[in-house]
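Worksheet: one structure, shown below.
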Amino acid sequence: METPIVIRNRNNKTLVGMLHVPESNSSGPMVVFAHGFLGIKSAPHRIFIKMARQLANHGIASLRFDYFGSGDSEGEFVDATISSEVADLGDVLNFVTNLEHYCVTNVGLIGYSLGGCIASLALSNSPTPISSIVMWAPVSNPFWNFVHILGEERVNKGLNGQPIEFEGEQIGSQFIKELLSIDPIVSINHYNNPILIIHGEDDKDVLLINSLVYQQVFQHSSSQVIIHRSAGHLFGTRESENDLISQTLDWFKNIFHINESQTIALQ
């Protein structure tokens, strides 16, 4: 069952999302998605939707949402920062753990691109324990990555207090200034549960080195990095998309102890 939802964040602003709940289930695990920079709750080639539906088919609920200033949510992107997006994710985690008609037993996160960084940062102040985090092509050094993506001229303009334009959006100077102090590695270094990272070897937007840096601070012996040969940042081929979804699904089925008899009963 897929249900559009509206969440009020800490500032009473509207966040719009889509809740996916397995048919006939009244309780179970929940995965919350965190989209990337200038992204939306469906993600490129609707991969969040495809992932959410596969999770639901195997007894795992999920929620996709747009940050403040993104997608269908209230606000303008120029007023958003990484910190505000981390806080939005925290508000959504609080929402899903207090659903009226579905009792959430465990929570996991999927973060794509900058969403991996955001999900990592949310771990330290999450209102509920996070059983596992999965990151697809995650950003580990926000400042360096935004210099790489936006170029030095735009970043310097933002550091000097001016909004900048990129791909049809205005990015506020506070977003850029904050990059100097954002460090998701610290958060991951204090996270003791299993982590899965999947990254494309040919990613030219968020380079593979980002995931290898995360790997250096893994605390749980089951954590791993999977490298997709020839895949880019979008996991844009049918093969890489299918592998990404399959590997993530298998990971969460193991984390949440979903057995095949449960899966068969749902189909």
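Given just the C-alpha atoms of segment 166-228, how large is their convex hull per residue in cubic angstrom?
Hull volume over Cα atoms, normalised by residue count, gives 112 Å³.
Tell me the label only: which of (i) 29.0; (ii) 20.3; (iii) 13.1 is mean projected area of the Cα convex hull in nm² as calculated from this structure?
(iii)
When the Debye formula is applied to the Cα atoms of segment 124-267, each taken as the same point scatterer, what base-10 log of I(q)/I(0) results at q = 0.10, 0.11, 0.13, 0.21 Å⁻¹?
-0.45, -0.54, -0.72, -1.26
What full-extension length gain, to one decimal in nm, is calculated for His220 and Ser173 as 0.36 nm per residue of separation minus the Cα-Cα distance?
Fully extending the segment from His220 to Ser173 adds 13.2 nm.
Normalized C-alpha radius of gyration of segment 1-52, against 2.2 N^0.38 Å?
Against the empirical 2.2 N^0.38 Å value, I get 1.26 for segment 1-52.
Calculate, in whole percent, how much of the Cα-Cα pair population of segment 1-160 lies beyond 28 Å.
Cα-Cα pairs in segment 1-160 separated by more than 28 Å: 18 percent.
Got a sec? How would Arg238, Arg8 order by Cβ neighbour count within 10 Å, fewest to most?
Starting with the residue having the fewest Cβ neighbours, the order is Arg238, Arg8.
With a cap of 14 neighbouring Cβ atoms within 10 Å, and only residues DSSP puts in a loop, list the GluC sites (Glu not before Pro) found in segment 158-232.
In loop regions of segment 158-232 (DSSP not H, G, I, E or B), the sparsely surrounded GluC sites (Glu not before Pro) are Glu167, Glu201.
To the nearest whole percent, what portion of all C-alpha pairs in segment 84-136 is separated by more than 18 angstrom?
Beyond 18 Å sits 26 percent of the P(r) for segment 84-136.
If I fit a long axis through the Cα atoms of helix 238-255 and take the longest principal axis of the Cα atoms of the chain, what angle between them do I get, 0 to 90°, rounded to 10?
60 degrees
Indicate, rounded to the nearest 5 percent, the antiparallel portion of the DSSP beta bridges found entirely in the chain.
The antiparallel fraction comes to roughly 35 percent.
Testing the spin-label approximation: label points 7 Å from Cα along Cα→Cβ at Glu239 and Val213. State their distance in nm.
Distance between the two pseudo-spin positions: 3.0 nm.
If R0 is 25 Å, what FRET efficiency do you get for Asn160 and Asp183 from their C-beta distance, rounded to 0.05?
Working from the Cβ atoms, E equals 0.65.
Using the scaling law 2.2 N^0.38 Å as the reference, what is the normalised Cα Rg of segment 47-112?
Taking N as the residue count of segment 47-112, the ratio is 1.22.
Just from its helices, what would the mean residue ellipticity at 222 nm be for the chain, if runs of 4 or more DSSP H residues each count -39500 (n - 2.57) and the sum is divided by every residue, rounded to the nearest 500 deg cm²/dmol?
Rounded to the nearest 500, the figure is -10500 deg cm²/dmol.
With every atom except the alpha carbons ignored, what do you get for Rg and Dmax of segment 220-260, in angstroms?
12.0, 32
Measuring from centroid to centroid over Cα atoms, what is the spacing of segment 1-72 and segment 89-129 in Å?
A separation of 11 Å, based on Cα centres.
Since every read-out is calculated from the coordinates, none of them should be taken as a lab result. Quick caveat, the model's predicted, so the values are computed rather than measured. Reconstructed Cβ throughout: ideal geometry from the backbone, glycine too, with neighbour counts over all protein chains shown.
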